[in-house]
Amino acid sequence: MGIQLGEVRSSTRQPGNPRQSERSDGGGLVSSGLTALRRSLLLLAVYPLEVLILVLVCVSLSLIPIGVGFLMVPTALSALRAVANMKRRRAGQWSGSTVEVPYLPTPELRPGLTGRVAEAWWLLKDPSTWRDIAWLFMDMLIGVVVVIIAPGIIAGGLWGMVVLPVLYEPVMKNWSGVWYLFIHVQGGPEMIAVVVCGLLLLPIGLALAPGLLQAYNRYIAWALGPTERTRLAGRVQQLSRTRTETLDSSAAELRRIERDLHDGAQARLVAMGMTLSAAQAVLRSDPEMAETLLAEAKDTSAKALSELRDLVRGIHPPVLADRGLGDAVRALAQDCPLPVRVGVSIPERCGPAIESAAYFAVSELLANAVKHAGASHVTIDLRVVDGELRIRVDDDGVGGADPDSGSGLRGIERRLAAFDGGLVVNSPAGGPTSVGATLRLDPALARTAEEQKEHEG
């Protein structure tokens, strides 16, 4: 998706721009070639570290039968994962295609020796661990060859152009000639051919460097990216987590409704019953008092009815059920004390549950803009793109919105997670604030406006 919303961040992250800037270092052969060459050299610099990690992993695995390996495995595999994640991150940045981290989340472990052994056992049970180890062996054989080709060609060109002509006369002439590629250098004519060959190798190396780097990035995505089995396992865990969060949220919402009914409408109805009983008792002896009590009961019933309406509106606003998400958000904007511009591009009804989640997400974000941002203007945009309902709320306030500060953003994220959605917060200090949200639509629940009316009729 355009904005990755599986997590909440208060830092700046605009969809597509960072990676685009990573790839757009220059449009020419020389510029792109030099960029690819620089990146290839960075990759080559990591290989000594990979060798050390490979040795550490092999030693720790070999010592498992005597028990010592269980103490070494967490350190070795953590170092391996750090290098693998660095390769994933670089490949994603340089190719513009994210390489997902396939590891299963580590459970809560007890400190001490038993926790160390449990961590080692958990890491060894993760299939991604063994894929990382296999990749480490392959990278020593395949990866280094792919990465070193372009720098090797350019180094050979520089050797023929610069080093060999300079060193031939004082040093290499005493060797009765030297070989450069297919040229046996014994004097001036051969040296001219060497310089020409070296000059030709430079553009060849620069031309090959971007393609070889992209090939290495694809190799990293294939070797270190998640498999379908890993994705499925991660998906199951995500669904389990969101299911638990949704159930907890639903239980909390039920408790809130129960509390509001008990403290609000229920208390007023009890008071109204007592007032009516008192009015009945004095109806014949003191009609004026009975009339006063009846007026009080009437006022109490009106307040109870208003509280019930507010409670129902907080559960599922009638305007949302009757007129759909777009009109319900416009109604929110009309009641907002700030100027709010609303843009809606939703061709069909999205389903009651999705519309409800989206409505309350917008309501919470609008409330945050009013209460905390000090904004003077808010813009809300709702649209359906690629099977997703995308929401964007922008304000010109002071910024600094933090999902961990109790502003309600975590609650929104939990509500959206039930629909494979999420939240991205871009709110630097000083403003402005931009919040993006997505909910994945179920085509089976979507109806056109006409179909919705027919269904309700």
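The values are calculated or read from the model by the stated rules, or taken from the named source; none is laboratory data. Just so it is clear, the model here is predicted, and its values are computed rather than measured. Because the Cβ atoms are built from the backbone with ideal geometry, glycine has one as well, and the counts that use them run over all protein chains shown.
Would you confirm, using the coordinates I've provided, whether V57 is surrounded by 18 or more Cβ atoms within 10 Å (Cβ to Cβ) and modelled with pLDDT of 90 or more?
Numbers: surrounded by 18 or more Cβ atoms within 10 Å (Cβ to Cβ): yes; modelled with pLDDT of 90 or more: yes.
Criteria met by V57.
Scan the stretch 328-343 and give yes if some residue there is at pLDDT 75 or above, surrounded by 15 or more Cβ atoms within 10 Å (Cβ to Cβ), of a type outside the set (A, V, I, L, M, F, W, C) and in a helix (DSSP H, G or I), otherwise no. Working first, answer last.
Residues of the stretch 328-343 that are at pLDDT 75 or above, as a first pass: 328-343.
Those left that are additionally surrounded by 15 or more Cβ atoms within 10 Å (Cβ to Cβ): 328-333, 336, 338, 340, 342.
If we keep only those that are of a type outside the set (A, V, I, L, M, F, W, C) as well, we get 330.
Now drop any that are not in a helix (DSSP H, G or I), which leaves 330.
So far as the stretch 328-343 goes, yes, one or more of its residues are at pLDDT 75 or above, surrounded by 15 or more Cβ atoms within 10 Å (Cβ to Cβ), of a type outside the set (A, V, I, L, M, F, W, C) and in a helix (DSSP H, G or I).
Would you point out the residue of the stretch 266-286, among those that are free of Cβ contacts under 8 Å to residues at least 12 places away in the same chain and among the charged types (D, E, K, R), that is farthest from D299 (Cα to Cα)?
Residues of the stretch 266-286 free of Cβ contacts under 8 Å to residues at least 12 places away in the same chain: 266-267, 270, 273-274, 277, 280-286.
With among the charged types (D, E, K, R) added as a condition, the list becomes 284, 286.
Values: R284: 22, D286: 20 Å.
Across the stretch 266-286, the extreme among qualifying residues is R284.
Output the residue which, of all residues in the stretch 60-88 that are assigned to a helix (DSSP H, G or I) and of a type in the set (G, A, S), is modelled with the lowest pLDDT.
Residues of the stretch 60-88 that are assigned to a helix (DSSP H, G or I), as a first pass: 60-62, 64-66, 68-88.
With the extra rule that they be of a type in the set (G, A, S), the set shrinks to 60, 62, 69, 76, 78-79, 82, 84.
Working: S60: 92, S62: 92, G69: 85, A76: 92, S78: 91, A79: 92, A82: 92, A84: 92.
Looking at residues that are assigned to a helix (DSSP H, G or I) and of a type in the set (G, A, S), I get G69.
Read through the list (1) in a helix (DSSP H, G or I); (2) of a type outside the set (F, W, Y); (3) touching a Gly at 6+ places or on another chain (Cβ under 6 Å); (4) at pLDDT below 80, then give the number of the only condition that D404 fails.
Among (1) in a helix (DSSP H, G or I); (2) of a type outside the set (F, W, Y); (3) touching a Gly at 6+ places or on another chain (Cβ under 6 Å); (4) at pLDDT below 80, the lone unmet condition for D404 is (3).
What tally of residues in the stretch 345-393 results from selecting those that are assigned to a helix (DSSP H, G or I) and surrounded by fewer than 15 Cβ atoms within 10 Å (Cβ to Cβ)? So that I can check it myself, show each step before the final result.
So in the stretch 345-393, the residues assigned to a helix (DSSP H, G or I) come out as 352-371.
With the extra rule that they be surrounded by fewer than 15 Cβ atoms within 10 Å (Cβ to Cβ), the set shrinks to 352-353, 367, 371.
Result for the stretch 345-393: 4.
Can you pull out the residues in the stretch 116-139 that are of a type in the set (K, R) and under 19 Å from M72 (Cβ atoms)? Talk me through it step by step, then tell me what you get.
As a first pass, look at the stretch 116-139 and keep what is of a type in the set (K, R): 116, 125, 131.
Scanning the stretch 116-139 gives R116, K125.
To keep it simple, each residue is scored yes or no on (1) free of Cβ contacts under 8 Å to residues at least 24 places away in the same chain; (2) of a type outside the set (D, E, K, R).
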position	(1), (2)
L63	yes, yes
F70	no, yes
P74	no, yes
R81	no, no
A84	no, yes
R88	no, no
G92	no, yes
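Only one of these is within 25 Å of the chain's Cα centre (by Cα), hydrophobic (A, V, I, L, M, F, W, C) and farther than 23 Å from D396 by Cβ: A357, A361, A369, A373. Name it.
Answer to the selection: A357.
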